[in-house]
Amino acid sequence: MKEPADKIADLAAKHRDRPGALLPLLHAIQDEMGYIPPESASIIASALNLSSAEVQGVITFYHYFRTEPSSIPRVEICCAESCQSMGSDKLLAHARTVCDVHPVYCLGLCASSPAMMVDEKPYARVTPEKFDSIMKKAAS
Amino acid sequence: MSASIYVPIDSAALALGADEVASEISLEAKRRGIEIKIVRNGSRGMFWLEPLVEVETSKGRIAYGPVEAKDVKGLFDAGFESGGKHDLCLGLTEEIPYLKKQERLTFARVGIIDPFSLEDYLAREGYQGLRRAISLSSEGIVQEVTESGLRGRGGAAFPTGIKWNTVMKAQADQKYVVCNADEGDSGTFADRMLMEGDPYSLIEGMTIAALAVGATEGYIYVRSEYPHAIAALNKAISIAKDAGYLGQDILESGKAFELEVRKAAGAYVCGEETAMLESIEGKRGIVRAKPPLPALSGLFGKPTVINNVISLATVPVILARGAEFYKRYGMGRSRGTLPFQLAGNIKQGGLIEKAFGVTLREMLYDFGGGSASGRPIKAVQVGGPLGSYLPESQWDVAMDYEEYSAIWAVLGHGGIVVHDETADLARLARYAMDFCAIESCGKCTPCRIGSVRGVEVMDRIIEGKERTRQIGLLRELCDTMLNGSMCAMGGMTPYPVLSALNHFPGDFGVAGERHA
Ligand SMILES: Cc1cc2nc3c(=O)[nH]c(=O)nc-3n(C[C@H](O)[C@H](O)[C@H](O)COP(=O)(O)O)c2cc1C
Ligand code: SF4
Ligand code: FES
């Protein structure tokens, strides 16, 4: 099995010549490893001719990039206005008693609020009861 | 002949079980030995009816919805594959009033065609705009777009033709077309529906833009919350390229245009055009000072057209039918149609494309059918998280850029979020400040510090501590943000906050003193 550092270096080599390579590279790393491991910044920095601090600054700026492995499955609940108007507060409170939840701001499913995503699979009109059955299915 | 059955693959339909319905239909058909063809279309945009299943008949397409997997057996028992009667039957899709009352120009194909079938696209006027554009000069294309009156649908409503003209006139060895598909505004989903339901129209619009300004490369910057839209675009780009609609020699015109999707990373401020450019370049999404205009010095320092998905996807119909046709819709300086998105606490939420001039009341009741909860509607936020809350007294104002501006409101990207009487506008105002604090790019103090202070002040107001003094402070803070922010993030957060305070003072614990 490849060491994480080798994987990161391989991905960096693959993406380095694209214009604006950093974001696609970070996405590739997160897609492959589930998060951006701490050793990434220095490996990316030398491949892309940037400083480690610059790379670190980019990683921390974007909400989407995670620097720690995520809970499995990854549950994201929309907390923006439309979902609030349909009871996302209650859904969020309920979900938090069940698992780790990441608040997000709009999934583009606002006409069927409240909405959430579990490992990139979208769900709409989610009640606490529906939430439980979705999580049961996701676990099996 | 096998019957065609349409089951949407729009994310919102998937979120309500469309995949399960599609596989149940195909299983049940096999079990019964009935030959069918399942087509995965985009959504018609009537989300209270999703998953909306349609069958092709000699009279037209007949709709059934909302269909759950458990309904499928019963549908076959009723012979739905040839339009049989069933409790879920809604009759001819085109005759459903919600659709029939619309004026669909940009969304003409969405929900009707298979999004990836070039054949479907071509059969419904697809690529006629590009063919016409190829026959015109750059100036000719820009003139057509200018005359149509099209204004940016991303929020700022800047005339598209004028922007293109600046890029066209700029001298450079390289120019770009960038599509803003960050669609960060809560309560909006038109960009997503279009990318998932008719991706070629966006690709065609961008290609026309490229011909108009002399660009050879383009990017579509799509938010990471939209994995299905990203996949749809990648697939459509690859098919279009293989068929010669993208690449080094578009339709044998000798013109080149290459297109690439870039996935964003969850920062609202990256919807601001210069922060988006920074992000594509691989940097933190910090807003750039203007000037220089991105039209002159944009992506990688080169002249760049930046437009919203809907602006670009509207260009093909303008070129195909002409500026005169498009301009006939709308009122005043708001020409054409806007795909409104009706969401929140509403019975019949969905996509409603209408000419400018429709009223919010028509949206809420004629289309929306009132609140989902059945309680009276109290406040409606129009134009995304930076838009004002409108009380009932303003629901008859024509939805037009200038008319809205006159009541200190915005149409923005066309999002409409409905709240019933249980909503607490002080909490929503606090949320607006908090959102700004979370999403601020940090470049300027009024936004970065002002929003954090705003949350503290709102907390004290909600707790009922020295309310009069705190409300005075809130107004001062909003004043500073309005006048001192570099972009609309800080500059427009006062819209939801002050509109909430001015129209719903009771929620802030004060009697109604009116301010402008
Ligand atoms: C904080 C902020 C967020 C924005 N988000 C978006 C967005 O998600 N999509 C979009 O098209 N425009 C957004 N805009 C507007 C863009 O800056 C820009 O005006 C637009 O992309 C230009 O395209 P158009 O002329 O076709 O509307 C945003 C602006 C600000 C200040
Ligand atoms: S207003 Fe806010 S988001 Fe806009 S430039 Fe200033 S700090 Fe950045
Ligand atoms: S506001 Fe929740 S999905 Fe859009």
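The values are calculated or read from the model by the stated rules, or taken from the named source; none is laboratory data. These numbers come from a predicted model, not from an experiment. In this analysis, Cβ positions are derived from the backbone assuming ideal geometry, glycine residues included, and neighbour counts consider all displayed protein chains. Calculation scope for accessible area: heavy atoms of the full protein, side chains included, ligands and nucleic acids excluded. Shrake-Rupley method; radii C 1.70, N 1.55, O 1.52, S 1.80 Å.
Structure summary
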read-out	value
Rounded to 5, the percent of DSSP beta bridges in the protein assembly as shown classed as antiparallel	55 percent
Cα pair distances in chain A, grouped into 5 Å bins until the bin that holds the longest one, percent each	2, 10, 18, 17, 13, 12, 11, 9, 7, 1, 0
Taking the C-alpha atoms of chain B, convex hull volume expressed per residue in Å³	142 Å³
Proximal aspartates and glutamates to B:Lys354, defined as alpha-carbon separation beneath 12 angstrom and excluding residues fewer than eight positions away on the same chain	B:Glu103, B:Glu362, B:Asp400
Dipole moment magnitude, nearest 20 debye, segment B:330-420 about Cα centre, only Lys, Arg, Asp, Glu C-beta charged	160 debye
Peptide B:16-23 - average C-beta neighbours from other chains (10 Å radius)	1
Mean-position separation - Cα centroids, segment B:236-251 and segment B:367-402, in angstrom	42 Å
Cα-centred dipole magnitude for the protein assembly as shown, charges only on beta-carbon of K, R (+1) and D, E (-1), debye, nearest 20	580 debye
Cα Rg over Rh - segment A:75-139, Kirkwood	0.91
Whichever lysines have a C-alpha closer than 16 Å to that of B:Lys347, once near sequence neighbours (fewer than 8 apart) are set aside	B:Lys378
Normalised contact order of chain B, rounded percent, pairs of Cα under 8 Å and 6 or more residues apart	13 percent
Pairs from B:Lys30/B:Lys73; B:Lys37/B:Lys101; B:Lys163/B:Lys327; B:Lys169/B:Lys263; A:Lys90/B:Lys70 whose Cα-Cα separation, in the structure shown, is over 20 Å	B:Lys37/B:Lys101; B:Lys169/B:Lys263; A:Lys90/B:Lys70
Angle between chain A longest axis and helix A:52-61 axis [Cα atoms, degrees, rounded to 10]	10 degrees
Net +/- balance of residues flanking B:Gly60 in space, Cβ distance below 13 Å, scoring K and R +1, D and E -1	-1
Segment B:3-100 - share of DSSP beta bridges that are antiparallel (%, nearest 5)	70 percent
Projected area, mean over directions - segment B:118-327, Cα convex hull, nm²	10.6 nm²
Charge-dipole axis of the protein assembly as shown as Lys and Arg at +1 and Asp and Glu at -1 on Cβ define it, positive-most pick from B:Met489, B:Leu49, B:Gly368	B:Met489
Reachable aspartates and glutamates, given that their alpha-carbon falls under 13 Å from the alpha-carbon of B:Lys235 and they are not under 8 places away in the same chain	B:Asp114, B:Glu196, B:Asp198, B:Glu260
Helix-derived mean residue ellipticity, 222 nm - over chain B, DSSP H n ≥ 4, -39500 (n - 2.57), to 500	-11500 deg cm²/dmol
Accessible surface buried once A binds B (1.4 Å probe; total of both sides; Å²)	3600 Å²
Distance histogram for segment B:110-184 (every C-alpha pair counted, 10 angstrom bins, percent rounded to whole numbers)	15, 34, 40, 11, 0
Computed [θ] at 222 nm, deg cm²/dmol, chain A (DSSP H ≥ 4; -39,500 (n - 2.57); rounded to nearest 500)	-14000 deg cm²/dmol
Quarter of Cα convex hull surface for the protein assembly as shown, i.e. mean projection, nm²	29.6 nm²
Cβ-derived FRET efficiency at R0 56 Å, B:Val397 paired with B:Gln128, nearest 0.05	0.95
Rounded, prolate or oblate (a/c below 1.5 giving rounded, otherwise prolate when a/b exceeds b/c) for segment B:3-100 by Cα gyration tensor	oblate
Cα-based Rg and Dmax for segment A:1-73, where Dmax is the largest Cα-Cα distance (Å)	11.4, 35
Considering only chain B, percent of DSSP beta bridges that pair antiparallel, nearest 5	55 percent
Hull volume in cubic angstrom per residue (convex hull over the Cα atoms of segment B:111-242)	123 Å³
Backbone N under 15 Å from the B:Lys327 label point (7 Å along Cα→Cβ), restricted to segment B:116-140	B:140
Shape metrics for segment B:400-516, restricted to C-alpha atoms - Rg then Dmax, Å	13.8, 40
Dipole magnitude of chain B, debye to nearest 20 (Cβ charges: Lys/Arg +1, Asp/Glu -1, about Cα centre)	760 debye
Peptide ranges B:6-15, A:5-14, B:216-225 listed from the most packed, as the mean C-beta count within 10 angstrom indicates	B:6-15, B:216-225, A:5-14
